[in-house]
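These notes are about the structure you will find just below.
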Amino acid sequence: MKVLGIETSCDETAASVCESGSTPLSVTLRSNIVHSQIALHAEYGGVVPNLAKREHEQLLVPTILAALKEASLSPVDSLPPNIDEVAPFFERNQTLLQSFRQHAAVLTKPDIDLIAVTNGPGLEPALWVGVSAARALSLLWDVPLIGVDHMEGHIAANLIEQDNHPTLTEADFPLLALTISGGHTQLVLMRAPLTYELLGETMDDAAGEAFDKAARLLGLPYPGGPAIAKLAAEGEADAFPLPRPMRTSGDYNFSFSGLKTAVRYLTEELGEAETQRRKADIAASFQQAVIDTVVEKTVRAANEHGARTVVLAGGVAANTELRRQLGDAIAADTQAAYHVPPIELATDNAAMIAASGLLRAVAKEEFSDARTIGVDSNKQIGATS
Ligand code: KG4
Ligand code: ZN
């Protein structure tokens with residue numbers, strides 16, 4: 001089974017082709033194209049939803065075509081599709097419709113069996129671009145469609161085969177996922193594949209958002225995560241005592257806005273010149289506060305629920321120190337194995353969406369109706385598509 005994945009929930013325009021892997025729980029990557037809009041949003045210090053929408057509308061069709069081409073799929077039909085048939089689906093996305101018309105001659109049906117698209121959570125105008133395109137392609141090509149939860153997708157990045165070896169099997173469950181991104185920070189228990197129990201989540205800012213806000217206080221560019229991580233490598237993690245909010249709260253929830261405020265007070269106290277002089281130490285101290293908070297609760301949850309595997313997922317999973325320190329803590333203090341996706345599959349991409357859609361479609365035979373599928377910007381993990 002071959003699947004085309006489409007992801008436009010935030011500021012990456014992405015498409016990928018994946019195929020069923022060597023076990024029922026693994027997926028092979030055939031292509032993975034990600035066009036990051038970072039340069040566009042950087043001057044505003046964060047993602048501007050309507051700019052993201054416009055950029056997705058212009059880039060998505062070429063990105064899909066590039067993913068199909070890189071996967072070397074043989075065409076099934078030689079006739080170009082009739083775009084007029086699906087024009088009503090583009091009510092919100094006229095620029096995307098134009099792009100479909102422009103590329104109609106090369107939008108011939110490829111050899112795929114399923115289209116998977118992120119339909120939440122995320123920025124509503126951005127989500128609609130991917131969903132409008134996916135509905136249209138599903139009808140034009142007569143291929144089934146499945147709406148995928150972006151956070152389930154992040155977890156599924158761990159199921160993409162590496163060096164042609166399967167990653168996880170049924171024996172690796174119960175599985176605990178720490179999903180940590182720009183919009184979410186969650187501990188998710190999977191007692192079995194495709195079942196999701198939310199153990200806890202952030203009460204305010206997501207961890208990635210805290211990285212982005214702390215970076216701004218230090219005068220670093222958007223997105224702040226990679227900038228802080230780079231700077232932190234040259235600093236001392238115990239230079240400044242910053243809070244570990246909710247560390248002793250007894251539950252699995254998180255809070256990061258107090259930590260961000262503590263960084264703000266610290267920079268105000270130090271003044272501009274001293275803040276700049278000590279910014280590597282501030283970055284390292286901040287990063288360590290985030291790591292301590294999430295590592296401690298992840299270890300506790302893994303032990304309480306007898307997790308056989310702990311996986312790290314989401315954009316912040318690209319953080320080298322977090323990857324290393326969580327791995328060390330899991331090895332030292334739990335019985336669980338530890339798994340992280342390669343860095344390029346940790347941040348937003350469409351391979352994870354293809355993987356998640358494929359596994360759900362095969363296991364549950366659950367599809368979405370191309371005529372009625374919508375988007376849910378607050379979609380909760382585990383909800384049906
Ligand atoms: O999953 P993702 O690509 O998009 C969302 O779904 O939000 O995550 C983006 C977030 C941003 O907040 C970014 O600053 C953070 O992930 N991030 C990092 C690193 N790379 C990306 N945070 C810490 N360290 C990194 N190396
Ligand atoms: Zn994400």
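Okay, here's what the table says:
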| quantity | calculated |
| --- | --- |
| Filter result (over 18 Å from Ala302 (Cβ atoms) and within 10 Å of the chain's Cα centre (by Cα)) within segment 155-195 | Ala156, Ala157, Ser181, Gly182, Gly183, His184 |
| Residue among Ala307, Ala273, Ala317, Ala262 that is within 16 Å of ligand 1 (Cβ to nearest atom) and hydrophobic (A, V, I, L, M, F, W, C) | Ala317 |
| Exclusive hit being within 16 Å of ligand 2 (Cβ to nearest atom), touching a strand residue (DSSP E or B) at 6+ places or on another chain (Cβ under 8 Å) and either aromatic (Phe, Trp, Tyr) or within 21 Å of Glu321 (Cα to Cα) (or both), set Leu178, Leu187 | Leu178 |
| Residue among Ala14, Ala116, Ala87 that is under 17 Å from Arg135 (Cα atoms) and in contact with a Gly (Cβ under 7 Å, 6 or more places away or on another chain) | Ala116 |
| Selection from segment 320-354 of residues that are surrounded by fewer than 17 Cβ atoms within 10 Å (Cβ to Cβ), within 16 Å of ligand 2 (Cβ to nearest atom) and not in a loop (DSSP other than H, G, I, E, B) | Ile343, Glu344 |
| Cβ pairs under 6 Å, 6+ apart, first in segment 348-362 and closer than 14 Å to Gly130 by Cβ, second away from ligand 2 (no atom under 16 Å from the Cβ) | Ala354/Val3; Ala354/Cys18; Gly357/Val3; Gly357/Ile146 |
| Within segment 190-212, considering residues that are of a type in the set (A, V, I, L, M, F, W, C) and within 14 Å of ligand 2 (Cβ to nearest atom), the one surrounded by the most Cβ atoms within 10 Å (Cβ to Cβ) | Phe211 |
| Which listed residue is among the small types (Gly, Ala, Ser), touching a Ser or Thr at 6+ places or on another chain (Cβ under 9 Å), on the phi > 0 side of the Ramachandran plot and not in a strand (DSSP E or B), from Gly382, Gly357 | Gly382 |
| Count of segment 221-259 residues which are modelled with pLDDT under 95 and over 27 Å from Gly200 (Cα atoms) | 2 |
| Matching residues in segment 367-385 - criterion: being more than 22 Å from the chain's Cα centre (by Cα) and not polar (S, T, N, Q) | Asp369, Ala370, Arg371 |
| Verdict on Gln287 being within 25 Å of the chain's Cα centre (by Cα), within 15 Å of ligand 1 (Cβ to nearest atom), surrounded by fewer than 23 Cβ atoms within 10 Å (Cβ to Cβ) and in a helix (DSSP H, G or I) | no |
| Failed criterion for Ala317 (all others in (1) without any contact (Cβ under 8 Å) to a residue 40 or more places away in the chain; (2) surrounded by 21 or more Cβ atoms within 10 Å (Cβ to Cβ) hold) | (1) |
| Condition check for Ala232: in contact (Cβ under 8 Å) with a residue 60 or more places away in the chain and not polar (S, T, N, Q) | yes |
| Members of segment 236-274 found to be free of Cβ contacts under 8 Å to residues at least 24 places away in the same chain and touching a Lys or Arg at 6+ places or on another chain (Cβ under 7 Å), listed by number | Leu270 |
| Residue check for Cys10: away from ligand 2 (no atom under 16 Å from the Cβ), of a type outside the set (S, T, N, Q) and under 18 Å from the mean Cα position of the chain (by Cα) | no |
| Pair list, Cβ under 9 Å, 6 or more apart: segment 101-115 residue touching a residue at least 40 places away in the same chain (Cβ under 8 Å), other residue among the charged types (D, E, K, R) and assigned to a strand (DSSP E or B) | Pro110/Lys2; Asp111/Lys2; Ile112/Lys2; Asp113/Lys2; Leu114/Lys2 |
| So Thr63, is it in contact with a His (Cβ under 8 Å, 6 or more places away or on another chain), assigned to a strand (DSSP E or B) and under 17 Å from Ile353 (Cα atoms) | no |
| Among (1) crowded, with 22+ Cβ neighbours inside 10 Å; (2) part of a helix (DSSP H, G or I); (3) among the aliphatic types (A, V, I, L, M), the one test that Ala15 misses | (2) |
| Residue match in segment 179-192 (condition: more than 16 Å from ligand 1 (Cβ to nearest atom) and in contact with an Asp or Glu (Cβ under 6 Å, 6 or more places away or on another chain)) | yes |
| Residues satisfying the stated conditions in segment 45-71, i.e. in contact (Cβ under 8 Å) with a residue 40 or more places away in the chain and farther than 30 Å from Leu220 by Cα | Val61, Pro62, Ile64, Leu65, Ala66, Ala67, Leu68, Glu70, Ala71 |
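The values are calculated or read from the model by the stated rules, or taken from the named source; none is laboratory data. These numbers come from a predicted model, not from an experiment. Please note: Cβ atoms are built from the backbone with ideal geometry, for glycine as well, and neighbour counts cover all protein chains shown.
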